[in-house]
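Each remark here refers to the structure printed beneath this line.
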Amino acid sequence: MCDICGCGESNEHSHDHNHNHHHDHDHSHDEKVTIPLGRDILEINNRLAERTRGYFEARDIYALNIMSSPGSGKTTFLERTLTDLKGKKSFYVIEGDQQTSRDADRISTTGVPVIQVNTGNACHLDAGMVNRAVKGLNPDNGSVLLIENVGNLICPSMFDLGEMSRIVMMSVTEGEDKPLKYPGMFRTSNLCIINKTDLLPYVNFKVETAVENGLKVNGRLKFIEVSALTGAGMEEWYKWLLANAG
Amino acid sequence: MHELTVAENIINIVATEAGKAGSDRVNEVCLEIGLLAGIEYAALDFALEALIPGTVMESAAIIIEKPGGSGKCNNCGYEFSFEDFMGSCPDCGSADLAIVRGNELRVKSITI
């Protein structure tokens, strides 16, 4: 048997002549080695998110990750919030969009410091983008950071940004079954804002059904109904925000 | 299409670990991606196929283990099979459930 690999080919043989020759045989000795890893595929994102969260905790900054499908009214909701709560708390905003600075331009008219992050081909913000933006904003101790994610109900839910809480927004023009269709997003959120309630008389949207569906995928989800346009219901959201931001 | 990011991360992890082991070629990559991990397997296959050429995974066989979901009721502690984020505890009816298994998203092993 081969001493090296145990392949069964002998390099010794008996013979009845008397001469010297080498007894090598030629073959490769490929040995496959399996290396157990168990490495989290999103570990780079998750580690960075934890670092950012640690920074927020040390400086008593309350960071919110706000997600929805495109057109639910996130930016209008933020504009009204920042205008109404001016002077009550120090705010900062990170705007995530694939392209343009349109949302950041809108937010900057409220006077609140804002950074636009363009994700290019990515359909979500990730922890690296937010970490860089936070360094650029350098938020005050005790402030609130509102992160408006890219409008998308699937991908952003996978990426921890270092936030303390997640808000998912749905609007009454979208259908009550959004939580059932996009359970990953609703499952990982703490608060669901139901926006555009001023349109309820004109659409076939039942708030109770939407809430029921939301609770089917996340029994701990809280709901607040608002119209960011008219301001109806916003007081309840402000109470939630200020209570959580401490 | 977060599967593209996931595929990039897989290739980076495999390249780093193969490099540590002194190899520039990997024979097999075993992934563990649970049914509740939020990954569309076909989209991941597509992303891997697009990104792998020219990397250490070029000739690697890819095995994906797909652990099924199980949940635990936060109210009564009952554990049960949980396949699609929906539903309530079969024992007490609570909708307050935690995922125990099925959200794995890992590079389990490589063979070089």
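The values are calculated or read from the model by the stated rules, or taken from the named source; none is laboratory data. Computed from a prediction, not measured in an experiment: that's the story for all the values here. Neighbour counts run over all protein chains shown; Cβ positions are idealised from the backbone, glycine included.
I need a count of the residues in the stretch B:88-112 that are without any contact (Cβ under 8 Å) to a residue 60 or more places away in the chain and facing chain A (nearest Cβ under 7 Å). Looking only at that region, the number is 4.
The strands (runs of 3 or more DSSP E) found wholly in the stretch B:2-112 and carrying at least 3 residues that are in contact with a helix residue (DSSP H, G or I) (Cβ under 8 Å, 6 or more places away or on another chain) occupy B:28-33, B:105-111. The requirement of being buried (at least 18 other Cβ atoms within 10 Å of the Cβ), aliphatic (A, V, I, L, M), touching a residue at least 24 places away in the same chain (Cβ under 8 Å) and closer than 21 Å to A:Asn244 by Cα is fulfilled somewhere in the stretch A:91-106, by at least one residue.
Taking the stretch A:32-47 as the range and being at the interface with chain B (Cβ under 7 Å from one of its Cβ atoms) and surrounded by fewer than 14 Cβ atoms within 10 Å (Cβ to Cβ) as the test, the residues that pass are A:Lys32, A:Val33, A:Thr34, A:Pro36, A:Gly38.
Matching residues to (1) of a type in the set (Gly, Ala, Ser); (2) at pLDDT 95 or above:
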{"position": "A:Gly151", "(1), (2)": "yes, no"}
{"position": "A:Tyr182", "(1), (2)": "no, no"}
{"position": "A:Leu191", "(1), (2)": "no, yes"}
{"position": "A:Leu199", "(1), (2)": "no, yes"}
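Counted as qualifying within the stretch A:136-246 are the helices (runs of 4 or more DSSP H) with 1 or more residues that are surrounded by 23 or more Cβ atoms within 10 Å (Cβ to Cβ) and within 14 Å of chain B (Cβ to nearest Cβ), namely A:178-181, A:183-187, A:207-217. Counting only residues that are at the interface with chain A (Cβ under 8 Å from one of its Cβ atoms), touching a residue at least 24 places away in the same chain (Cβ under 8 Å) and more than 14 Å from A:Arg39 (Cα to Cα), the stretch B:5-37 holds 3 of them. Candidates in the stretch B:64-86 are the residues that are at the interface with another protein chain (Cβ under 8 Å from one of its Cβ atoms) and under 23 Å from the mean Cα position of the chain (by Cα); of these, the one that is farthest from B:Ala43 (Cα to Cα) is B:Met86.
From the list B:Ser88, B:Ser70, B:Ser23, B:Ser59, the lone residue that is touching a Phe, Trp or Tyr at 6+ places or on another chain (Cβ under 8 Å) and of a type in the set (S, T, N, Q) is B:Ser70.
Checking each residue in the stretch B:29-40 for being surrounded by fewer than 16 Cβ atoms within 10 Å (Cβ to Cβ) and modelled with pLDDT of 95 or more picks out no residue at all.
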